[in-house]
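Values quoted throughout were computed directly from the atomic coordinates according to the rules given, and no laboratory measurement underlies them. As the structure is a prediction and not an experimental result, all values here were calculated from the model. Cβ atoms come from the backbone with ideal geometry, glycine included; neighbour counts cover every protein chain shown.
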Amino acid sequence: MNTQAKPASGWDTMDAQAFMQREKAIFDPFATLSNEWMIVGAGIASDWNGMTASWGSVGRLWNRDVAVCYVRPSRHTFKYMERSDRFTLSFFDPSWRSALDYFGSRSGRDQDKASGAGLDPVCFADDAVTFAQARLCFVCRKIYAQDILPELFLDPSIAAHYPKKDYHRMYVGEIQEVRVKRE
Ligand SMILES: Cc1cc2nc3c(=O)[nH]c(=O)nc-3n(C[C@H](O)[C@H](O)[C@H](O)COP(=O)(O)O)c2cc1C
């Protein structure tokens, strides 16, 4: 079980479009996801889990600002994604790389990942957990989920990502709040 999240302090709040206009310099989705990754988190302050992810996107869908992430059913985080109405995407400076390595190579099934990685979980609301060390967090409301279906691959080489056939579930989240850590 992960360390209980304490109430967060020292964060600004804005909506996704205001964030993108004002804070472009601190968030390039391509570079951030490729090089710095993110932690996908779900659950409540007393019982949450998170994992590193590098596949995802942000954009517009159904006239909403959305963020998309992909979680394999084999992940402990999957259970939390399924039972939660919201999820968070947390982003860190590159100096936290080893913590993201940790979150991407251990499972919350058998340990407290937060203390193992040296991260302090904090929450904006009971069901919106992030970390005191993050620089940025998208709080998302789940609005759509769908499994990746191999029969729909238009490029057969994509199948190479699924030797165990554990196809991701795609979660589309409406970005309710963008939280930016104050310096
Ligand atoms: C750089 C990196 C990116 C990853 N991206 C994803 C991803 O997008 N989706 C996914 O399901 N797992 C991804 N993983 C794997 C999970 O983070 C990993 O299996 C983790 O240990 C799952 O933890 P959990 O069992 O506590 O949920 C990634 C791992 C790393 C290191």
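Here are some notes:
- Coupling constants for the stretch 58-68 follow from the phi torsions by the Karplus curve (6.51 cos²θ - 1.76 cosθ + 1.60, θ = phi - 60°), and in residue order they are 10, x, 10, 8, 6, 6, 10, 7, 10, 10, 10 Hz; glycine and proline get x.
- Karplus 3J(HN,Hα) series, Hz, for the stretch 132-141 with 6.51 cos²θ - 1.76 cosθ + 1.60 (x for Gly, Pro): 4, 7, 6, 9, 7, 8, 9, 9, 10, 9
- Protection proxy ranking of 93-103, 4-14, by the mean of other Cβ atoms within 10 Å over each peptide's residues and highest first, is 93-103, 4-14.
- Taken along the Cα-to-beta-carbon direction at a fixed 7 Å, the label points for Lys24 and Tyr167 span 3.8 nm.
- For the stretch 23-67, a simple Cβ point-charge model (Lys and Arg +1, Asp and Glu -1, everything else neutral) yields a dipole of about 180 debye relative to the Cα centre.
- Hypothetical label at Ala31: residues of the stretch 98-132 whose amide nitrogen lies under 12 Å (7 Å Cα-Cβ projection): none
- Contact order, relative form, for the chain: 31 percent (alpha carbon pairs under 8 Å, 6 or more residues apart, mean separation divided by residue count).
- Electrostatic dipole magnitude of the chain [Cβ: Lys, Arg +1; Asp, Glu -1; Cα centre; debye, to 20]: 180 debye
- Remark: spin-label model distance Asp101-Asn63 equals 4.7 nm, labels positioned 7 Å along the Cα→Cβ axis.
- Packing around the peptides 127-135, 145-153, 73-81, 56-64, taken as the average count of other Cβ atoms within 10 Å per residue, puts them in this order, highest first: 127-135, 73-81, 56-64, 145-153.
- The stretch 116-173 versus the stretch 36-51: alpha-carbon centroid distance in Å: 10 Å
- Helical mean residue ellipticity (222 nm; -39500 (n - 2.57) per DSSP H run of 4+; nearest 500) of the chain: -3500 deg cm²/dmol
- Scanning residues 5 or more positions from Ile143 or on other chains, those with amide H under 5 Å from its amide H are Val172, Gly173, Glu174, with H placed 1.01 Å from N in the peptide plane.
- Label zone at Asp15 (point 7 Å along Cα-to-Cβ), backbone N below 19 Å, the stretch 119-151: 137-143
- Positive dipole terminus of the chain, leading residue within Pro94, Ala145, Ala31 (C-beta point charges): Ala145
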